[in-house]
1. Which order do the peptides 98-104, 244-250, 34-40 come out in when sorted by mean C-beta neighbours inside 10 angstrom, highest first?
2. Enter the Cα centre distance for the pair region 192-230 and region 117-147, rounded to the nearest angstrom.
3. Roughly what angle does helix 27-38 make with the longest principal axis of the chain, taking Cα atoms, 0 to 90 degrees, to the nearest 10?
4. How far is helix 2-11 tilted off the main Cα axis of the chain, in degrees rounded to 10, range 0 to 90?
5. Accessible area per residue for the chain in Å², computed with a 1.4 Å probe and the full protein assembly in place, what is it?
6. Label the chain by shape, choosing from rounded, prolate and oblate, from the square roots a ≥ b ≥ c of the eigenvalues of the Cα gyration tensor; if a/c is under 1.5 it is rounded, and otherwise prolate applies when a/b is larger than b/c, oblate when it is not.
7. Loop only per DSSP, at most 12 neighbouring Cβ atoms within 10 Å: give me the trypsin sites (Lys or Arg not before Pro) in region 303-347, ordered by residue number.
8. Where does region 96-202 land on Rg(C-alpha)/(2.2 N^0.38 Å)?
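The values are calculated or read from the model by the stated rules, or taken from the named source; none is laboratory data. Model, not experiment: these values are computed from the prediction. Ideal geometry is used to build each Cβ from the backbone, glycine not excepted, and the neighbour counts take in all protein chains shown. Quick note on the areas: whole protein, heavy atoms, side chains included, nothing else; ligands and nucleic acids left out. Shrake-Rupley method; radii C 1.70, N 1.55, O 1.52, S 1.80 Å.
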Amino acid sequence: MNGGVNGLRSLSKTKQSARIIIVGAGSAGIAAATRLLSEGFRNVLLLEGESRVGGRVHTIPFADNVVDLGAQWCHGEQGNVVYETVKDLNLLETTEAHYETFKCVRSNKEVLTEDLADSLKNIAFASIPERQTELADYKGSLGDYISAKYWRELEKLPPVDKHIAQEFLENFHKFEASVEAADHLFEVSGQGHLEYWLCEGELLLNWRDKGYKSFLRLLMKSKPCQPDDLGILKGRVLCNKSITEINWRDGQQVMVRCWDGEILTADHVICTVSMGVLKERHQTMFVPALPEAKPRLLQGWIIGEHARHMETLTEQEVLEGLQWLFRKFLPIAVPEPVRLLRTQWHANPNFRGSYSFRTTQADEMRTGAWDLEAPLCEVDGKPRLQFAGEATHKHFYSTVHGAVETGWREAARLSDYYRARTARI
Ligand SMILES: Cc1cc2nc3c(=O)[nH]c(=O)nc-3n(C[C@H](O)[C@H](O)[C@H](O)COP(=O)(O)OP(=O)(O)OC[C@H]3O[C@@H](n4cnc5c(N)ncnc54)[C@H](O)[C@@H]3O)c2cc1C
């Protein structure tokens with residue numbers, strides 16, 4: 001009897017009355033919410049654990065400018081939804097050239113000659129696989145692949161000091177591991193590396209002087225002169241509202257429990273928390289537990305053990321460590337900084353890391369973003385608990401444009417569901 005009444009109640013839901021809760025007001029959450037509103041949904045609420053919106057997009061004032069503590073660049077142009085949205089607004093500037101002209105300095109302050117540095121750089125950069133067919137059946141890690149190719153190519157050059165070549169390779173590994181947000185390249189899947197799609201065009205487009213936040217402000221249609229204006233999301237975001245449990249056992253509505261004890265109910269929940277948060281909390285956060293495939297994928301949140309250690313130190317200790325490095329490597333004295341800022345993405349329970357990558361372990365378990373993005377549906381196909389966020393994107397994981405697309409993907413899933421249902425009724 002009850003099921004019948006609930007069933008009727010559920011059938012009477014429309015885009016106007018369906019209650020949607022989005023957990024997390026980062027790029028994916030904001031993209032999903034703004035898209036749902038533009039599709040005619042009215043009852044959309046974002047619950048955010050932090051005291052601000054934006055998530056891993058975090059632009060703050062610094063000196064007479066701003067600094068991005070999270071995402072900084074728009075990576076590429078073609079097929080990049082962020083670039084497409086802002087390309088005519090003069091918000092971006094190119095910075096790629098600055099990063100190509102670095103010098104190589106050893107810890108005894110010796111600077112490598114340009115010739116030697118250039119040949120090592122060429123070999124190293126050429127050893128990164130880019131859609132190479134040779135990697136299609138490759139079972140090893142990205143680290144194995146790059147090292148083997150680097151040494152093979154080096155053999156073809158006139159003899160080079162082996163110590164310097166080894167140091168260069170180690171350094172290159174560290175650099176690439178930081179790009180992947182991995183502890184080291186030997187845990188990054190070689191094959192999986194090719195799942196990531198580079199958008200053609202400039203890869204390091206910087207946000208002129210307002211930071212990455214300007215993009216989220218555009219999505220929300222924030223008022224230009226009000227830095228904290230939430231635009232069309234005004235009144236739809238609850239900050240400092242950390243979610244402790246998402247219970248979708250009922251079959252009719254999802255119960256969302258907040259840290260302060262408040263319980264909210266919804267017809268649909270889109271969960272956008274990071275892979276780091278899922279990995280740490282999935283066992284208590286979801287009732288019933290998530291299907292096996294989802295927790296198994298949760299590996300790509302690591303940013304290197306030294307970074308994690310750094311986050312436990314005081315700012316003064318971090319500063320002293322940096323100064324020690326400068327003194328060791330550089331022939332010039334580096335002046336004292338006026339102010340030091342360091343990020344603590346891993347220590348923060350709302351993030352637990354920087355961004356995801358594809359691991360060799362995920363390869364072995366034959367799992368990937370396709371498992372993570374799959375919604376949990378009722379028997380009639382109604383999406384009940386959905387997942388968005390950068391880690392759920394098959395090809396643009398680890399980026400803002402990827403996160404935004406996942407928010408739009410889940411908004412479209414709901415919109416399609418209601419459109420098809422209305423047509424049936
Ligand atoms: C240092 C750094 C540099 C980066 N550089 C770039 C770059 O240059 N270019 C680029 O494209 N990408 C970059 N990225 C990656 C990019 O920032 C992310 O891919 C993207 O912002 C992720 O968006 P998201 O919505 O998936 O997740 P998030 O931004 O993490 O949003 C999820 C939200 O959920 C909230 N949350 C978590 N747990 C709970 C809970 N229990 N209850 C309620 N709310 C919760 C979080 O507070 C957060 O606001 C960088 C990331 C970092 C950390």
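1. In decreasing order of mean packing, 98-104, 244-250, 34-40 become 34-40, 244-250, 98-104.
2. Result: 30 Å between the Cα centres.
3. Approximately 40 degrees, to the nearest ten.
4. Helix 2-11 and the main axis of the chain meet at about 70 degrees.
5. 51 Å²
6. Judged from the Cα gyration tensor, the chain comes out prolate (a/c at least 1.5, a/b above b/c).
7. Here the sparse-neighbourhood loop sites are ARG339.
8. For region 96-202, the normalised Cα radius of gyration is 1.11.
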